[in-house]
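First the structure, in the form of structure tokens, and then the observations on it.
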Amino acid sequence: MIRLRRTNDDLDVKPGHALVGVLKIPTNTMSPIRAIVRRVIGASLALVATVLIVYFDREGYRDVNEDGLSLLDSIYYATVSLSTTGYGDITPASPSARLINVLVITPLRVLFLIVLVGTTLEVLTDRSRQALKIQSWRSKVRDHTVVIGYGTKGRSAVTALLGEGTESTQIVVVDTDHESLEAASAQGLVTVHGSGTRSDVLRLAGASRAKAIVVAANRDDTAVLVTLTARELAPKAQIVAAVREAENVHLLRQSGADSVVVSSETAGRLLGMATSTPSVVEMFEDLLTPDAGLAISEREVEAVEIGGSPRHLSDIVLGVVRDGHLYRVDAPEADAIESGDRLLYVRKVTPAGED
């Protein structure tokens, strides 16, 4: 087996700050427009409060014109004071005015500057926070699922994973398309920008520590190369790959895929069945949709079920998984349930929000 020499250009050996924009950890962020509006409102409130304080205590201020402070003078003083310009033409003269300046206007001045500079600081600190999140995530990620390709197949795979109860933080999406990654990030998924054919990209996605890897590439030749790379990095992970043509299934299996789904043939069969038995296709759609209705699931056997027949259970059992092998419910091996078996069954799905 040919192994490429690793260099400092490999993504997985770069520090966290160098990966900002490549590896993205989802965060609950406020839209830029909303953040700016909130800061403008905060600055305006600080300015209004300062104007009112100065105007109501205008007798304690001295103007170079010696004609007293008008409302306009108060606005002028508040503006130059909060912006720390301070021309000195209007100054607090009485002890009470100076005390108010120290205890009230100075904190308002600090608040005003924080509000104005906050946007710039947030941009700088956001990169730092993202770098820290990346470092933390890389050290902790384990037993997650890596989805390579976030097109139609990849999105459907993620929807199914989420429907089965997988946490969004336990799914990592790898793709080269920025729009696809933005869509994945909006769902709370960790994203990696890069090609799944590159070993450093897959290492960055934590493929070597992943529980499962879904290969949803748009081309069969790409799927083969991705599967080869993924299997070399993750010899124990469950690798599931999709291909368009059935003649390429053996290539995916030879490359290390545990399961191969032929997308074009599956869609073709459903199209053919829909012409004569549309209700059957509707039932398939129901079983494959995890959000409501019926869904195919897998569970461990209960102690009281051991020794019994899977046909006599209250659940509709489709098969028995034993030592990694699936036996259909009508197979002789599935006549009696054994300890350690898992049951493939049809379960009722209650939509979110309903009891």
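What follows is calculated from the coordinates using simple rules that are stated; it is not laboratory data. Since the model is a prediction, treat every value here as computed from it, not as a measurement. Note: ideal-geometry Cβ built from the backbone for every residue, glycine included; neighbour counts use all protein chains shown.
Just a few scattered comments:
- At R0 = 56 Å, FRET efficiency that the Cβ-Cβ distance of R342 and R62 yields, to 0.05: 0.05
- Residue-wise HN-Hα coupling along the stretch 164-170, computed from phi with Karplus coefficients 6.51, -1.76, 1.60 (Hz; x: Gly, Pro): 8, x, 6, 5, 4, 6, 9
- T266 paired with L71, simple spin-label distance in nm, labels 7 Å along Cα-to-beta-carbon: 7.1
- Global form of the stretch 201-329, assessed from the alpha-carbon gyration tensor, a/c cut-off 1.5: oblate
- Euclidean distance of C-alpha centroids, the stretch 132-194 and the stretch 261-331, integer Å: 27
- Per-residue ³J(HN,Hα) for the stretch 261-274, Karplus 6.51 cos²θ - 1.76 cosθ + 1.60, θ = phi - 60°, Hz, x for Gly and Pro: 10, 8, 5, 5, 5, 4, 5, x, 4, 5, 5, x, 5, 5
- Long-range amide H partners of T191 with built H, under 5 Å: K24, V173
- Computed from the C-beta positions of N218 and E285, the FRET efficiency with R₀ = 22 Å rounds to 0.40.
- Fully extending the segment from E167 to R322 would add 53.1 nm, taking 0.36 nm per residue of separation and subtracting the current Cα-Cα distance.
- Extension gain from K236 to T152, taking 0.36 nm per residue of separation minus the Cα-Cα distance: 27.6 nm
- Sorting 249-256, 270-277 by their mean Cβ neighbour count within 10 Å, with the most densely packed peptide first, gives 249-256, 270-277.
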